[in-house]
Every structure is written in C-alpha cells, then in structure tokens.
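The values are calculated or read from the model by the stated rules, or taken from the named source; none is laboratory data. Treat the numbers as computed from the prediction; the structure is a model and nothing was measured. Counting neighbours? That spans all protein chains shown, and the Cβs are built from the backbone with ideal geometry, glycine included.
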Amino acid sequence: MSLRGAGLQFGQRALWKDLDVDLRAGEFLAVLGPNGSGKSSFLKVLLGLQRLHSGTATVGGRPVERGSRKIGYIPQQKSFAADTPLRARDLVALGVDGHRWGLRLNSRIVNERVDGLLDLVGARDYAKVPVGQLSGGEQQRLRVAQALATEPELLLCDEPLLSLDLNHQQAVSALINRQCRERNSAVVFVTHEINPVIEYVDRVLYLAGGRFRVGTPEEVMTTEVLSDLYNSHVEVIRANGRIVVVGLPDATTHYHDDAHSGVEEGH
C-alpha cells in the first residue's frame, strides 16, 4: 500500500494533505486521532469508496479500486438483529463466494474453505447458530473470518474492538496480528484505544487538525509530537512500562505499553 502526496477535504476543511505513507507486507499500522480527523475516510480511500482531492493511492502497485479481492475489511462491531436468519457459517461463506451470482457450483470446496476459516477464528462450535443469537465478540470473530476469506494482501480494520469486552478485544486483536505475521498481510488498524494492539503495532499514523505524524509508537506518542499536532499542551507520561496520554482537546486518552522505539518519518 502506498499513498503519495495524498490529500482529502471535507467541504473547505482539509482532513489531511501531502500525506506520504508506505506499508509493507506483514506490517501493522495503527491509525489514531480525534473524531473528525479523517481516520475512517482514510480507510474509505483505500477501499475505493472515497476519492482523494490530491495525490495518489495504490495497493499492490495498482490504483485502488472498489471491490478489490486483494483487500479484506473488518467493520466496526454492530450487532445483528436477534431474528436474523443467517447462520454463522453462511456469513463467512459470503466472504468466500458472495461476489458470484447464481447457484453455487462447487459447494464442497466452499464448505471446506468455510470450515477452515471457522477453525482459524475459533468459531466452529457455533457454525450453525443464527448470527443474531451470538455475542458481539462471537459476531466479530465471524467478521474477521469473512475478511480473511480471500487471503488479502491488505487488511483494513475500522474500530473492530468497539463494544467488546477485554477478553474478546484480546482474541480479535491476536487473530488480526496472526494474519499479519503468518500470512504476510499488511494491516491498517483504525482505533481510539491502542492498548489492546500495542504489542503488535509496528508504526502509528496519527491524524489531528489537518496534520499528521508517522513513526513507531515510541516516536509518535510523545509530549512534543502530540502537543505540536494539537497546538495545545498534551502530556505523555511513562510509568511502569506503560504510556498514558492526558490533556487531549477531545478528551480522548490513549494508553499503551512502552514497547517500541525508533522512527520512520514525520510531517
């Protein structure tokens, strides 16, 4: 994935501009920032759903396009209605051949692929249960399986841990990281809370006030960098192997382990 001189506006307001980011295979990028900073729009650009106002965006060396099978997408956790008739395995199967029209020509191959994906995310025990009867964490595991069905080169995650308890946050985060490390997928992980994934993050893209910084968590999550981005004093405190960020203008606080060092670039 590569963005060069990328810019995006909302009306007359620039969400970000002159953004250069390269994401290599097997690399985990966390995207942070306050509400309205353009985090979800960043994903929409990569999904081919939002056009840049300037610059270019490519995936696999080609311009981004809507519906690319090279890209997997995990949306925010939203519960299905209790009476939704779709079974867990049917939801996952949509990721395998949901792009095809007509009758399923080789159901055995599809079923084997679905079984493998259910095993991968630990969901085989409730494969035949209607999705509306599953917990939020169980539903999100299925969305991960669906997103991995095409063995994507790039996995996009839009706040996938929202509304999940700590155990399910850890489980879903580990599944996404496994795809990154074992299958060499690049991961873009939009989040408000970096703590559940900090041990997996290689770099951070922090968006705020129409500006950005790109680097490792150790470099970006500092008093100097965040204060500069927000044009207001933001304190980053390191204690007991953790980092606590306080004083953000939008009252959002990021917590994470102090586990990374080094930097790639800034702007």
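Quick notes on this structure:
- Test: Ser54 is crowded, with 18+ Cβ neighbours inside 10 Å, polar (S, T, N, Q) and either at pLDDT 95 or above or closer than 25 Å to Ser232 by Cα (or both): no
- Flag for Val144 being of a type in the set (A, V, I, L, M), in contact with a Leu (Cβ under 7 Å, 6 or more places away or on another chain) and crowded, with 17+ Cβ neighbours inside 10 Å: yes
- Of the residues contained in segment 121-130, none is found to be in contact with a Ser or Thr (Cβ under 9 Å, 6 or more places away or on another chain), closer than 26 Å to Leu46 by Cβ and crowded, with 21+ Cβ neighbours inside 10 Å.
- Only one entry in Leu117, Leu86 is buried (at least 21 other Cβ atoms within 10 Å of the Cβ) and of a type outside the set (Gly, Ala, Ser), namely Leu117.
- Selection from segment 186-196 of residues that are within 16 Å of Leu43 (Cα to Cα) and crowded, with 20+ Cβ neighbours inside 10 Å: Ala186, Val187, Val188, Phe189, Val190, Thr191
- Scan of segment 34-46 for residues that are hydrophobic (A, V, I, L, M, F, W, C) and under 12 Å from the mean Cα position of the chain (by Cα), ordered by number: Phe42, Leu43, Leu46
- Some residue of segment 152-174 being more than 18 Å from Leu134 (Cα to Cα) and among the β-branched types (Val, Ile, Thr): no
Each row is one residue, and each column tells you yes or no for (1) among the β-branched types (Val, Ile, Thr); (2) buried (at least 22 other Cβ atoms within 10 Å of the Cβ).
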{"site": "Leu205", "(1), (2)": "no, yes"}
{"site": "Val220", "(1), (2)": "yes, yes"}
{"site": "Ala239", "(1), (2)": "no, no"}
{"site": "Val245", "(1), (2)": "yes, no"}
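- Within segment 5-40, the set of residues being out of contact with any Ser or Thr (no Cβ under 9 Å at 6 or more places or on another chain), surrounded by 20 or more Cβ atoms within 10 Å (Cβ to Cβ) and on the phi < 0 side of the Ramachandran plot comprises Leu19, Phe28, Leu29, Ser37.
- Of all the numbered requirements in (1) part of a helix (DSSP H, G or I); (2) within 23 Å of Gln170 (Cβ to Cβ); (3) modelled with pLDDT under 90, Ile109 misses one, and that requirement is (2).
- Single residue of Glu138, Glu182, Glu199, Glu151 found to be surrounded by fewer than 20 Cβ atoms within 10 Å (Cβ to Cβ) and closer than 28 Å to Ala6 by Cβ: Glu151
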